[in-house]
Amino acid sequence: QVQLVESGGGLVQLGGSLRLSCVGSGISLRTYAMAWYRQTPGKQRELVAGITSGRTTKYADFVKGRFTISRGDNTAYLQMNNLNPDDTGVYYCNADPDGSRWGYYFWGLGTQVTVSS
């Protein structure tokens with residue numbers, strides 16, 4: 001069974017930066033796709049950024065070049081720059097054995113990101 005643990009969230013001011021980390025355990029995630037999702041107040045969970053096992057990346061439009069996703073075999077990272085209050089929410093790590101898709105299978109419990117104005 002895959003377990004994902006997120007860390008790196010916290011309180012940051014407008015324009016600040018955070019780096020989120022996700023560590024997977026249980027099995028090797030080398031062939032898995034990994035992604036970051038978020039749930040902001042009043043909205044459904046949405047994709048922030050994804051990265052395939054081949055290191056192809058995809059970003060949500062609202063990222064606008066501010067965020068960068070990267071990964072290792074069992075880790076995923078989300079570098080978030082120029083944060084604004086709309087980025088406040090719980091950020092979740094996702095891993096999918098398909099390798100080229102995300103949004104299914106394994107989820108972490110999330111890490112809270114709060115951006116103050």
| message | Can you tell me which condition ILE51 does not meet? The list is (1) within 11 Å of the chain's Cα centre (by Cα); (2) open to solvent by 80 Å² or more (accessible area, probe 1.4 Å); (3) β-branched (Val, Ile, Thr), and all the others hold. | response | (2)
| query | Taking region 63-92 as the search range and keeping residues that are among the small types (Gly, Ala, Ser) and either part of a strand (DSSP E or B) or open to solvent by 40 Å² or more (accessible area, probe 1.4 Å) (or both), which one is nearest to GLY10 (Cα to Cα)? | reply | GLY89
| message | Let me confirm something: among ALA95, ALA60, which residue is open to solvent by less than 70 Å² (accessible area, probe 1.4 Å), under 20 Å from SER7 (Cα atoms), of a type in the set (Gly, Ala, Ser) and under 13 Å from the mean Cα position of the chain (by Cα)? | response | ALA95
| In region 84-100, which residues are in contact with a Gly (Cβ under 8 Å, 6 or more places away or on another chain) and either modelled with pLDDT of 95 or more or of a type in the set (D, E, K, R) (or both)? | ASN84, VAL90, TYR91, TYR92, CYS93, ASN94, ALA95, ASP96
| task | Name the single residue, out of those in region 98-117 being more than 16 Å from TYR32 (Cβ to Cβ) and in a loop (DSSP other than H, G, I, E, B), that is most open to solvent (accessible area, probe 1.4 Å). | result | LEU109
| said: Being surrounded by 23 or more Cβ atoms within 10 Å (Cβ to Cβ) and out of contact with any Lys or Arg (no Cβ under 9 Å at 6 or more places or on another chain) is the filter here; which residues of region 33-48 pass it? | reply: TRP36
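The values are calculated or read from the model by the stated rules, or taken from the named source; none is laboratory data. The structure displayed is predicted, hence computed values, not measured ones. Note: ideal-geometry Cβ built from the backbone for every residue, glycine included; neighbour counts use all protein chains shown. Calculation scope for accessible area: heavy atoms of the full protein, side chains included, ligands and nucleic acids excluded. Shrake-Rupley method; radii C 1.70, N 1.55, O 1.52, S 1.80 Å.
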